[in-house]
1. Yes or no: residue 443 modelled with pLDDT under 95, aliphatic (A, V, I, L, M) and open to solvent by 20 Å² or more (accessible area, probe 1.4 Å)?
2. Working only within the stretch 251-284, note down all residues that are open to solvent by less than 30 Å² (accessible area, probe 1.4 Å) and polar (S, T, N, Q).
3. Open to solvent by 30 Å² or more (accessible area, probe 1.4 Å) and either in contact with a Pro (Cβ under 9 Å, 6 or more places away or on another chain) or modelled with pLDDT of 95 or more (or both), is that true of residue 48?
4. Take residue 162 and tell me if it is polar (S, T, N, Q) and under 16 Å from the mean Cα position of the chain (by Cα).
5. So residue 471 ticks every box in (1) out of contact with any Pro (no Cβ under 7 Å at 6 or more places or on another chain); (2) surrounded by 20 or more Cβ atoms within 10 Å (Cβ to Cβ); (3) modelled with pLDDT of 95 or more but one. Which box is left unticked?
6. In the stretch 360-405, how many residues are assigned to a strand (DSSP E or B) and open to solvent by less than 30 Å² (accessible area, probe 1.4 Å)?
7. Do we have residue 202 as open to solvent by 10 Å² or more (accessible area, probe 1.4 Å), of a type in the set (Phe, Trp, Tyr) and under 24 Å from the mean Cα position of the chain (by Cα) here?
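The values are calculated or read from the model by the stated rules, or taken from the named source; none is laboratory data. Here the structure is a predicted model, which is why all the values come from computation and not from measurement. Glycine gets a Cβ as well: all are built from the backbone with ideal geometry, and neighbour counts include every protein chain shown. Surface areas here come from the heavy atoms of the whole protein model, side chains and all, with no ligands, DNA or RNA. Shrake-Rupley method; radii C 1.70, N 1.55, O 1.52, S 1.80 Å.
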Amino acid sequence: MGLGSDSAFLLKFICIVMLFSPIWAKTHHRTFIIQETPCTRLCNTKNILTVNGQYPGPTIYARNGDTVVVKVINLGNKNITLHWHGVNEPRNPWHDGPEYITQCPIKPGANFTQRIQFTEEEGTLWWHAHTDFDRATVHGAIVIHPRKGSTFPFPKPDKEVTLILGEWWNANVNDVLQKAQMTGGDVDPSNANTINGQPGDFLPCSQNDTFKVQVQQGKTYLLRMINAALSNEYFFAIAGHRLTVVGKDGGYTKPYSTNYIMITPGQTMTLLLKADQLKNSSSPSRYYMAARPYNGNLLVPFDQTVATAILEYRTNMNTFPTMPLLASLPEIDDTNAATAFTNGLRSLASWDHPVDVPKTINEHMYITIAVNVVPCPGNFNCTGPSGNKLAASLNNASFENPPIDVLDAYHYSIPNVYTPDFPNKPPFIFNFTEDNIPSELFLTQKSTKVKVLEYNTTVEIVFQGTNILGGENHPMHLHGHSFYVVGTGFGVFDKEKDPLSYNLVDPPYENTIGVPKNGWVAIRFKAANPGVWFMHCHFERHTIWGMDMVFITKNGDTTDGKMLPRPHDMPLC
């Protein structure tokens, strides 16, 4: 006998309630010890900052709906904070992590316990240090599986593998930063790009430690990709194999088959790999996985080395290892390839993974992104353009950290820490992407401007790239929220024509988006998470130069719309 419509609806409702019931949720406890650890790469040994002695650091495993409590113990030699990248932390900015935005740093010898709640995130995310250049070595993966009783929106893979892309400096990374800050010039590029901390076969003293993945013919593997680099976007490919993108930034996408991906710093992707190449005894059994930097502005100094890992098929043949097949990657400056890949991403937009794109917008923001200069202080000879010091800005406001964190200043109404006047548009309108921008437009001003939003405000931001001092891609990351990427293009945004081509049906849902060189990206989100939330470029030097700002979302009227109380163990400045 079939169910009547009312009975079917009731059964469906009960299933939904059971699926989202807290009975399935668990709380996991972890301890992260920040410490100095000797590490050898490129024939050199140095001490690096690590978590629990690991580089990359330990992986956090959880399910959608779970909570992870991490006690961070700082046994290192400097202040530090940790950020849970892509986790919205509903009502809980206290545990988000960026220094002098939501907390003061954890001092050497001190500790701080952070609570990470996975409410809507599912897939691949990551955690990293949010102080100075520390995330070069202090980072790791976050793997969020479906809730119990649920499953992937694709056939379950046979095995999962995490691949973290990054960079390696032979020098101490914070010495590299301090040199740039003292001279006012650019940061020295890294000495190698890495996959899971290893440069791979083609770099000195690296071949024996190249990361390897063993696969079996016919099986399907889920690859969790993370770009943890400070400065580089990457093309990534596996020789002889296609990849299927099924997730991005802690959510699912429509399956998207491709020969390569392009991934910016801060972004994560979930990929399916079918091991389908060992077809007979004469087929190659080893294939390179490779990451090559992508940079649309070759005038900016960057590390151009190619990082490699190896995919090996398990065989019964007692043969000597053969040279892996080389991977085919787009050229370093292939903007067309980068754009083609990015334009193929779409949200899954299914019944159980729906989209909720804001259609009515309360707050329109047009934000220009620029690398700028500020005057060289005192009588010092700076090495930046025209003897100035490099800086960066959003709407010509170059953010500088206050002496205490913005969240405490907001919570306790402490004056003179920030100003609530971040502008909705740039102070000067000109052809932002022209080749010859007048040098007087290079200058910016330091400030601590924030944007205050009412609870539940719907926001559209159009990020406009500029060609000041030579444009480049900018990976913009918003804390406390994910957002829909509804449009993108090249040139100067046209507010009359460009919105006509917005995708409001199945736009990708992300927390970090690459704004193309001399182009624009439009995002939409609802400010339904009360608190203080950082927004910044994920090129670390750009953040330190001031390419960032802060949103303050006010409390709502109900308990569920108000910030959680301040934890008792918050670090002190």
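1. No, not satisfied.
2. Across the stretch 251-284, the qualifying residues are 253, 258, 264, 267, 268, 270, 283.
3. No, not satisfied.
4. yes
5. Condition (3) is where residue 471 drops out.
6. 17
7. No.
Matching residues to (1) farther than 28 Å from residue 423 by Cβ; (2) surrounded by 13 or more Cβ atoms within 10 Å (Cβ to Cβ):
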site: 321; (1), (2): yes, no
site: 331; (1), (2): yes, no
site: 334; (1), (2): yes, yes
site: 341; (1), (2): yes, yes
site: 355; (1), (2): yes, yes
site: 358; (1), (2): no, yes
